[in-house]
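Structure first, commentary second.
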Amino acid sequence: MLDLSDVSADPARQENITKILDSAERLFRHYGYAKTTVADIARDLGMSTANIYRFFASKTEIRHAVCGRMLEASYQMALEIRRRPISASDRLHAYVYAQYTRTCETMLDEQTVHEMVIIAIEHDWHVIEKFIDRVQDLIAEIIAEGIAAGEFLEQDPYVASKCFGAATVNLCHPQMVAQCLAKPNRAEPEDLIEFAIRALKK
(Lines give C-alpha, C1' and ligand atoms only; values in the text may rest on other atoms or scores of the structure.)
Protein backbone atom coordinates (compact mmCIF):
# COMPACT_ATOMS: atom_id res chain seq x y z
CA MET A 1 0.00 0.00 0.00
CA LEU A 2 1.15 3.51 -0.78
CA ASP A 3 2.25 5.39 2.34
CA LEU A 4 1.09 8.96 1.76
CA SER A 5 3.45 10.21 4.46
CA ASP A 6 6.39 9.15 2.29
CA VAL A 7 5.53 11.69 -0.41
CA SER A 8 4.80 14.71 1.79
CA ALA A 9 8.30 16.14 1.13
CA ASP A 10 7.63 16.29 -2.64
CA PRO A 11 4.87 18.90 -3.19
CA ALA A 12 4.48 18.21 -6.92
CA ARG A 13 4.09 14.47 -6.35
CA GLN A 14 1.70 15.05 -3.47
CA GLU A 15 -0.38 17.39 -5.64
CA ASN A 16 -0.72 14.71 -8.33
CA ILE A 17 -1.65 12.06 -5.75
CA THR A 18 -4.29 14.35 -4.26
CA LYS A 19 -5.76 15.00 -7.73
CA ILE A 20 -5.89 11.27 -8.45
CA LEU A 21 -7.58 10.51 -5.13
CA ASP A 22 -10.06 13.38 -5.56
CA SER A 23 -10.97 12.09 -9.01
CA ALA A 24 -11.15 8.47 -7.86
CA GLU A 25 -13.41 9.28 -4.93
CA ARG A 26 -15.68 11.40 -7.14
CA LEU A 27 -15.97 8.63 -9.76
CA PHE A 28 -16.42 5.91 -7.14
CA ARG A 29 -19.31 7.96 -5.75
CA HIS A 30 -20.87 8.62 -9.15
CA TYR A 31 -20.42 5.29 -10.96
CA GLY A 32 -19.54 2.90 -8.15
CA TYR A 33 -16.21 1.33 -7.29
CA ALA A 34 -16.71 -1.81 -9.40
CA LYS A 35 -17.62 0.15 -12.55
CA THR A 36 -14.79 2.66 -12.28
CA THR A 37 -11.49 1.77 -13.97
CA VAL A 38 -8.03 3.29 -13.74
CA ALA A 39 -8.56 4.40 -17.34
CA ASP A 40 -11.69 6.31 -16.23
CA ILE A 41 -9.68 8.14 -13.58
CA ALA A 42 -6.94 8.96 -16.09
CA ARG A 43 -9.51 10.23 -18.61
CA ASP A 44 -11.17 12.39 -15.95
CA LEU A 45 -7.81 14.02 -15.19
CA GLY A 46 -6.62 14.29 -18.77
CA MET A 47 -3.73 11.94 -17.97
CA SER A 48 -2.54 8.72 -19.52
CA THR A 49 -3.26 5.50 -17.66
CA ALA A 50 0.49 4.92 -17.49
CA ASN A 51 0.84 8.21 -15.60
CA ILE A 52 -1.65 7.03 -12.95
CA TYR A 53 0.47 3.90 -12.51
CA ARG A 54 3.49 6.10 -11.73
CA PHE A 55 1.72 6.92 -8.46
CA PHE A 56 -0.44 3.86 -7.74
CA ALA A 57 0.30 0.27 -8.68
CA SER A 58 -3.36 -0.70 -9.06
CA LYS A 59 -6.97 0.31 -8.54
CA THR A 60 -6.81 -1.62 -5.28
CA GLU A 61 -4.01 0.65 -4.08
CA ILE A 62 -6.08 3.69 -5.02
CA ARG A 63 -8.97 2.27 -2.99
CA HIS A 64 -6.65 1.76 -0.02
CA ALA A 65 -5.59 5.40 -0.21
CA VAL A 66 -9.16 6.71 -0.59
CA CYS A 67 -10.24 4.60 2.38
CA GLY A 68 -7.29 5.81 4.44
CA ARG A 69 -8.02 9.42 3.60
CA MET A 70 -11.68 9.09 4.62
CA LEU A 71 -10.67 7.50 7.92
CA GLU A 72 -8.05 10.17 8.55
CA ALA A 73 -10.72 12.86 8.12
CA SER A 74 -12.84 11.03 10.72
CA TYR A 75 -9.85 10.81 13.07
CA GLN A 76 -9.10 14.52 12.74
CA MET A 77 -12.74 15.23 13.58
CA ALA A 78 -12.40 13.07 16.70
CA LEU A 79 -9.14 14.80 17.64
CA GLU A 80 -10.73 18.24 17.36
CA ILE A 81 -13.60 17.16 19.62
CA ARG A 82 -11.19 15.55 22.10
CA ARG A 83 -9.45 18.96 22.50
CA ARG A 84 -12.60 20.97 23.17
CA PRO A 85 -12.71 22.72 26.59
CA ILE A 86 -15.94 21.02 27.67
CA SER A 87 -16.78 18.15 30.01
CA ALA A 88 -15.76 14.60 29.20
CA SER A 89 -19.41 13.58 28.91
CA ASP A 90 -20.09 16.35 26.42
CA ARG A 91 -17.04 15.42 24.36
CA LEU A 92 -18.04 11.75 24.22
CA HIS A 93 -21.56 12.73 23.20
CA ALA A 94 -20.27 15.16 20.59
CA TYR A 95 -17.88 12.62 19.08
CA VAL A 96 -20.33 9.74 18.74
CA TYR A 97 -23.10 11.95 17.36
CA ALA A 98 -20.68 13.62 14.92
CA GLN A 99 -19.42 10.22 13.73
CA TYR A 100 -23.00 9.00 13.33
CA THR A 101 -23.91 12.10 11.31
CA ARG A 102 -20.77 11.75 9.19
CA THR A 103 -21.54 8.11 8.50
CA CYS A 104 -25.08 8.95 7.40
CA GLU A 105 -24.06 11.90 5.25
CA THR A 106 -20.85 10.73 3.60
CA MET A 107 -21.07 6.95 3.55
CA LEU A 108 -24.73 6.10 3.16
CA ASP A 109 -26.14 8.93 1.07
CA GLU A 110 -25.79 7.03 -2.21
CA GLN A 111 -25.75 3.32 -3.09
CA THR A 112 -22.43 3.77 -4.90
CA VAL A 113 -20.82 5.15 -1.74
CA HIS A 114 -22.27 2.33 0.33
CA GLU A 115 -20.78 -0.16 -2.14
CA MET A 116 -17.33 1.41 -1.70
CA VAL A 117 -17.64 1.28 2.08
CA ILE A 118 -18.67 -2.40 2.02
CA ILE A 119 -15.70 -3.27 -0.20
CA ALA A 120 -13.39 -1.36 2.15
CA ILE A 121 -14.78 -3.23 5.17
CA GLU A 122 -14.32 -6.57 3.41
CA HIS A 123 -10.85 -5.96 1.97
CA ASP A 124 -9.23 -3.09 3.91
CA TRP A 125 -10.07 -4.17 7.45
CA HIS A 126 -6.44 -3.83 8.57
CA VAL A 127 -6.65 -0.11 7.70
CA ILE A 128 -9.93 0.22 9.59
CA GLU A 129 -8.49 -1.63 12.61
CA LYS A 130 -5.70 0.96 12.89
CA PHE A 131 -8.30 3.73 12.79
CA ILE A 132 -10.35 2.01 15.52
CA ASP A 133 -7.24 1.68 17.72
CA ARG A 134 -6.40 5.38 17.30
CA VAL A 135 -9.94 6.48 18.13
CA GLN A 136 -10.10 4.14 21.13
CA ASP A 137 -6.95 5.81 22.46
CA LEU A 138 -8.60 9.25 22.11
CA ILE A 139 -11.75 8.03 23.87
CA ALA A 140 -9.61 6.52 26.64
CA GLU A 141 -7.92 9.92 27.12
CA ILE A 142 -11.30 11.63 27.42
CA ILE A 143 -12.51 9.01 29.91
CA ALA A 144 -9.29 9.33 31.94
CA GLU A 145 -9.84 13.08 32.18
CA GLY A 146 -13.43 12.45 33.22
CA ILE A 147 -12.22 10.12 35.98
CA ALA A 148 -9.66 12.67 37.16
CA ALA A 149 -12.36 15.35 37.28
CA GLY A 150 -14.67 13.12 39.33
CA GLU A 151 -17.13 12.94 36.46
CA PHE A 152 -16.76 9.17 35.95
CA LEU A 153 -16.14 6.31 38.36
CA GLU A 154 -12.60 5.07 38.92
CA GLN A 155 -11.91 2.43 36.24
CA ASP A 156 -9.41 1.38 33.59
CA PRO A 157 -9.95 4.03 30.87
CA TYR A 158 -8.73 1.74 28.09
CA VAL A 159 -11.12 -1.05 29.04
CA ALA A 160 -13.89 1.55 29.42
CA SER A 161 -13.06 2.95 25.97
CA LYS A 162 -13.42 -0.46 24.34
CA CYS A 163 -16.73 -1.03 26.14
CA PHE A 164 -17.99 2.42 25.19
CA GLY A 165 -17.10 1.73 21.56
CA ALA A 166 -18.89 -1.62 21.63
CA ALA A 167 -21.98 -0.01 23.18
CA THR A 168 -22.17 2.65 20.46
CA VAL A 169 -20.98 0.64 17.44
CA ASN A 170 -24.50 0.76 15.95
CA LEU A 171 -23.94 4.49 15.44
CA CYS A 172 -20.48 4.25 13.87
CA HIS A 173 -20.28 1.07 11.77
CA PRO A 174 -21.67 1.90 8.29
CA GLN A 175 -23.39 -1.44 7.74
CA MET A 176 -25.03 -1.37 11.17
CA VAL A 177 -26.09 2.26 10.74
CA ALA A 178 -27.65 1.38 7.38
CA GLN A 179 -29.56 -1.55 8.87
CA CYS A 180 -30.88 0.46 11.81
CA LEU A 181 -31.95 3.65 10.02
CA ALA A 182 -35.65 4.45 10.32
CA LYS A 183 -36.45 1.22 12.16
CA PRO A 184 -38.87 1.97 15.02
CA ASN A 185 -37.66 -0.90 17.21
CA ARG A 186 -34.09 0.50 17.44
CA ALA A 187 -32.84 2.92 20.10
CA GLU A 188 -32.61 6.56 19.04
CA PRO A 189 -29.01 7.82 18.66
CA GLU A 190 -29.34 10.36 21.49
CA ASP A 191 -30.77 7.74 23.86
CA LEU A 192 -28.05 5.20 23.06
CA ILE A 193 -25.25 7.73 23.54
CA GLU A 194 -26.65 8.91 26.88
CA PHE A 195 -27.09 5.29 28.02
CA ALA A 196 -23.43 4.55 27.24
CA ILE A 197 -22.22 7.68 29.04
CA ARG A 198 -24.32 6.89 32.12
CA ALA A 199 -22.59 3.50 32.31
CA LEU A 200 -19.30 5.32 32.96
CA LYS A 201 -20.81 7.12 35.96
CA LYS A 202 -22.35 4.22 37.86
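The values are calculated or read from the model by the stated rules, or taken from the named source; none is laboratory data. Only a predicted model underlies this, so the values are computations on that prediction, with no experimental measurement involved. Just so you know, the surface numbers come from the protein's heavy atoms only, side chains and all, with ligands and any DNA or RNA stripped out. Shrake-Rupley method; radii C 1.70, N 1.55, O 1.52, S 1.80 Å.
Just to be sure I understand, if you calculate Cα Rg over 2.2 N^0.38 Å for this structure, which of [x] 1.16; [y] 1.00; [z] 1.27 do you get? The calculated read-out lines up with [x]. Backbone phi angles across the stretch 159-173, fed through the Karplus curve with coefficients 6.51, -1.76 and 1.60 (θ = phi - 60°), yield HN-Hα couplings of 5, 4, 5, 5, 5, 4, x, 5, 5, 10, 4, 4, 9, 10, 7 Hz in residue order; Gly and Pro are listed as x. Solvent-accessible area assigned to carbon and sulfur over the stretch 1-107 amounts to 52 percent, based on a 1.4 Å probe. Listed by chain and number, the lysines placed with their C-alpha closer than 29 angstrom to that of K59 are K19, K35, K130; residues fewer than eight positions away on the same chain are left out.
Here the 3J(HN,Hα) profile of the stretch 56-63, calculated from phi with Karplus coefficients 6.51, -1.76 and 1.60 at θ = phi - 60°, is 9, 6, 6, 5, 4, 5, 5, 4 Hz, Gly and Pro shown as x.
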